[in-house]
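The values are calculated or read from the model by the stated rules, or taken from the named source; none is laboratory data. Computed from a predicted structure; not experimentally measured. Cβ: placed from backbone, ideal geometry, glycine included. Neighbour counts: every protein chain shown. Heavy atoms of the whole protein, side chains included, go into the accessibility calculation; ligands, DNA and RNA do not. Shrake-Rupley method; radii C 1.70, N 1.55, O 1.52, S 1.80 Å.
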Amino acid sequence: MKILVPVKRVPDPATTIRVLPDGSGIATDNVKWVINPFDEIAIEEALRIKEKQGSGEVVLISVGQTAWQEQLRTGLAMGADRAILVKADNPLDTLAIARVIAKVASDEKPELIIIGKQAIDDDSNQIGQMLAEMLGWPQATFASKVELAGEKCTVVREVDGGLETVAFPMPAVITTDLRLNEPRYASLPGIMKARKKPLNEIAVDSLGVDLTPKLKIKTLKAPEKRQAGRKVASVEELVQVLHTEAKVI
Amino acid sequence: MGDVLVFAEHRGGHFPKTTLIAVNAGLEMARKRGGQCIAVLSGEGATAAAAEIAKYGPSKVIVLDHPKLAHYLADAAAQALADLAKKTGAETVLATATAMGKDLMPRLAARLGAPMASEIIAINDDGTMVRPMYAGNALATIELDGPVRVVTVRGTAFDAAKPADVAAPIETVTPELDAASLKMEFVGFNEIKSDRPQLTEARIVVSGGRGLKSGDNFKTVLEPLVDEMGAAMGASRAAVDAGFVPNDLQVGQTGKVVAPELYVAVGISGAIQHLAGMKDSKTIVAINKDEEAPIFGVADYGLVADLFKAVPEMVEEVKKLKH
């Protein structure tokens with residue numbers, strides 16, 4: 001089975017994000033870049049499916065700049081078979097990115113697309129669902145368990161108030177939630193092998209996809225900081241101030 | 001005309017507070033765009049829920065009636081809603097960013113070829129909107145171009161709609177669906193039953209972190225405080241990752257965003273990702289033995305203490321207050 005896993009390059013979650021004074025973006029000096037953590041879970045799930053089935057191909061795809069090769073190589077080191085970098089020098093909005101990936105998917109014809117539920121930089125949580133619609137495929141977002149049997153896929157989803165189970169035939173799109181799995185680290189032999197795995201570049205303009213930006217970020221600003229309050233000396237004092245001062249209990 | 005379609009989520013006719021938040025945000029959007037706010041429902045029990053929603057100020061309520069919509073599934077719901085958006089010529093389709101809203105709206109946007117803004121926290125008079133990015137460390141002012149646009153709103157950023165003087169008319173529409181293209185099947189829903197308030201609706205939230213050390217301690221140490229305070233229980237991602245509690249309880253960037261009147265963080269260090277989910281709470285209390293923990297930087301009241309001593313004490317103190 002062929003599984004396509006879209007991968008996004010994002011600032012390490014531990015990075016302190018600072019908005020530039022002119023509001024044009026965030027400061028990127030000293031930012032460590034990593035694979036979006038939810039996409040790492042997606043890669044892991046794809047690898048586990050391939051290992052369980054004993055055959056198949058895990059293909060990574062990114063839509064970004066040359067520097068994104070770094071994260072694709074990390075994904076290859078985890079065990080993915082090959083990677084595609086659709087080179088786009090200018091940032092694209094979610095609709096355009098989904099169109100680009102959908103176009104490549106229609107050429108690659110994977111049985112599954114597994115993708116992180118959200119990227120931790122823009123927190124949009126859109127691409128997987130958009131891909132499913134553009135390809136006319138079923139979708140299972142926020143997956144915590146995936147089971148495959150023949151052509152059929154059964155997914156347990158983390159929704160408000162419980163767990164929902166849905167089923168559908170493949171091809172389909174699955175977006176990963178936190179507890180689907182724990183991603184492996186790239187091993188040293190994995191890193192060595194990854195250097196020789198194919199990483200093909202495609203120019204975004206060659207795909208004939210509508211890239212017109214419809215979502216425009218006009219400006220960014222830092223949120224107002226919440227002021228720290230004070231320390232209380234005892235539980236008794238705490239409960240008293242909550243009662244008499246804050247009046248919340 | 002800047003008409004707004006509001007996707008009014010419900011389960012079997014019962015709707016959460018987040019649905020009234022969507023209606024209110026829809027009313028604000030319609031007012032600012034010079035259009036009408038139309039609430040849309042589908043699925044089993046929709047007619048009963050529609051009669052209730054009609055009392056909260058929309059101009060009209062539409063029930064989408066089709067056998068394929070009996071149980072919510074993203075593919076059918078997106079088709080039906082897109083069909084209605086086209087028929088009504090709505091400018092904005094809006095929902096609250098619940099699990100269902102997040103599942104459905106991007107699929108709808110793709111079907112309409114429309115841009116989408118996720119989890120907006122403000123609607124500006126000039127048509128732009130504000131949404132958090134980078135775990136709330138940046139607020140972006142954004143603009144969506146085109147004749148139709150899709151929006152989800154953050155539940156904590158808008159109030160719930162209030163009952164209006166008159167009830168809106170209710171109309172039933174049978175959407176045109178391409179049934180052959182619908183391949184998703186609902187298998188089951190395993191509800192996590194709880195007598196406690198919903199995390200996103202509670203007046204008080206008590207959350208535990210890795211400091212609790214085990215799932216058993218959530219039960220024996222934290223839950224008595226949660227229940228004594230009549231609170232909802234939450235957790236940090238670290239506690240979820242460690243397997244102490246289900247992900248449904250996670251408060252933070254990748255979990256639920258809450259803004260209760262009182263948020264009590266117990267044994268939570270306060271990573272940026274957790275703060276993103278609770279820093280708009282009215283009053284924040286932190287109990288942690290590490291006085292350097294970042295959570296104290298946002299807490300109104302901080303107690304540096306061993307939670308295993310402080311929490312049982314707090315249960316007793318809160319009890320006393322009631323007598």
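Exactly one residue among B:Glu201, B:Glu171 is in contact with a Lys or Arg (Cβ under 6 Å, 6 or more places away or on another chain) and of a type in the set (Asp, Glu), and that residue is B:Glu201. In the set A:Ala143, A:Ala167, A:Ala172, only one residue is small (Gly, Ala, Ser), in contact with a Pro (Cβ under 6 Å, 6 or more places away or on another chain) and modelled with pLDDT of 95 or more; that residue is A:Ala172. One residue stands out among those in segment B:136-182 that are of a type in the set (S, T, N, Q), farther than 15 Å from B:Ile21 by Cβ and touching a strand residue (DSSP E or B) at 6+ places or on another chain (Cβ under 6 Å): the one that is most open to solvent (accessible area, probe 1.4 Å), which is B:Thr172.
For segment B:52-68, the set of residues classified as within 22 Å of the chain's Cα centre (by Cα), part of a helix (DSSP H, G or I) and touching a residue at least 40 places away in the same chain (Cβ under 8 Å) consists of B:Ile53, B:Ala54, B:Lys55, B:Tyr56, listed by residue number. When each of A:Ile114, A:Ile101, A:Ile120 is tested for being under 18 Å from A:Asp210 (Cα atoms) and β-branched (Val, Ile, Thr), the lone residue that passes is A:Ile101.
If you go through segment B:225-284, how many residues are among the basic types (Lys, Arg) and in contact (Cβ under 8 Å) with a residue 40 or more places away in the chain? Walk me through how you get there before you give the answer.
Initial filter on segment B:225-284 (among the basic types (Lys, Arg)): B:237, B:256, B:279, B:282.
Now drop any that are not in contact (Cβ under 8 Å) with a residue 40 or more places away in the chain, which leaves B:256, B:279.
So the answer is 2.
In segment A:166-177, the residues that are open to solvent by 10 Å² or more (accessible area, probe 1.4 Å) never reach a residue that is at pLDDT below 95 and of a type in the set (Val, Ile, Thr) with C-beta atoms less than 8 angstrom apart, at least six apart or across chains. Pairing each residue of segment A:205-232 that is within 30 Å of A:Lys87 (Cβ to Cβ) with any residue that is outside any loop (DSSP other than H, G, I, E, B) and among the β-branched types (Val, Ile, Thr), provided the two are 6+ apart or on different chains, yields C-beta distances under 6 Å for A:Val209/A:Val100; A:Ile217/B:Ile142; A:Lys218/B:Thr141; A:Thr219/B:Thr141; A:Leu220/A:Val19.
For segment A:190-239, residues that are closer than 22 Å to A:Ala98 by Cα, open to solvent by less than 60 Å² (accessible area, probe 1.4 Å) and among the basic types (Lys, Arg) total 1.
Each residue in segment B:100-123 was checked for being under 21 Å from the mean Cα position of the chain (by Cα), open to solvent by 20 Å² or more (accessible area, probe 1.4 Å) and either farther than 29 Å from B:Ser42 by Cα or at the interface with chain A (Cβ under 8 Å from one of its Cβ atoms) (or both), and 3 pass. A count restricted to segment B:90-99 and to residues that are out of contact with any Lys or Arg (no Cβ under 7 Å at 6 or more places or on another chain) and either in a helix (DSSP H, G or I) or more than 7 Å from every other protein chain (Cβ to nearest Cβ) (or both) stands at 6.
Within the option set B:Val173, B:Val148, being within 12 Å of another protein chain (Cβ to nearest Cβ), at negative phi and touching a residue at least 60 places away in the same chain (Cβ under 8 Å) holds for one residue only, B:Val148. So in segment B:180-216, with the set limited to residues that are touching a residue at least 24 places away in the same chain (Cβ under 8 Å) and in a helix (DSSP H, G or I), which one is farthest from B:Ala271 (Cα to Cα)? Filtering first and then ranking leaves B:Ser181.
Counting just the residues of segment A:52-93 that are among the acidic types (Asp, Glu) and in contact (Cβ under 8 Å) with a residue 60 or more places away in the chain, which one comes out surrounded by the fewest Cβ atoms within 10 Å (Cβ to Cβ)? Looking at residues that are among the acidic types (Asp, Glu) and in contact (Cβ under 8 Å) with a residue 60 or more places away in the chain, I get A:Glu70. Looking for whichever is facing chain A (nearest Cβ under 8 Å) and buried (at least 21 other Cβ atoms within 10 Å of the Cβ) here; the options are B:Val245, B:Val285, B:Val266. Which one fits? Within the list B:Val245, B:Val285, B:Val266, the selection yields B:Val285.
For segment A:121-147, a tally of residues being open to solvent by 20 Å² or more (accessible area, probe 1.4 Å), under 15 Å from B:Lys183 (Cβ atoms) and more than 7 Å from every other protein chain (Cβ to nearest Cβ) returns 2. Considering segment A:13-26, the residues that are open to solvent by 30 Å² or more (accessible area, probe 1.4 Å) and free of Cβ contacts under 8 Å to residues at least 24 places away in the same chain include one that is nearest to A:Thr176 (Cα to Cα), namely A:Ala14. Note on segment B:139-153: residues that are within 17 Å of A:Lys221 (Cβ to Cβ) and under 12 Å from the mean Cα position of the chain (by Cα) total 0. Any chance segment A:31-46 includes a residue that's within 14 Å of chain B (Cβ to nearest Cβ), open to solvent by less than 60 Å² (accessible area, probe 1.4 Å) and free of Cβ contacts under 8 Å to residues at least 24 places away in the same chain? Within segment A:31-46 (the criterion being within 14 Å of chain B (Cβ to nearest Cβ), open to solvent by less than 60 Å² (accessible area, probe 1.4 Å) and free of Cβ contacts under 8 Å to residues at least 24 places away in the same chain), the answer is yes, since at least one residue qualifies. Strands (runs of 3 or more DSSP E) fully within segment A:156-249 that include at least 2 residues being facing chain B (nearest Cβ under 7 Å): A:162-169, A:215-221.
If A:Ala96 meets every condition in (1) closer than 18 Å to A:Val7 by Cβ; (2) open to solvent by 10 Å² or more (accessible area, probe 1.4 Å) apart from one, which number is that one? So A:Ala96 meets the others, but not (2).
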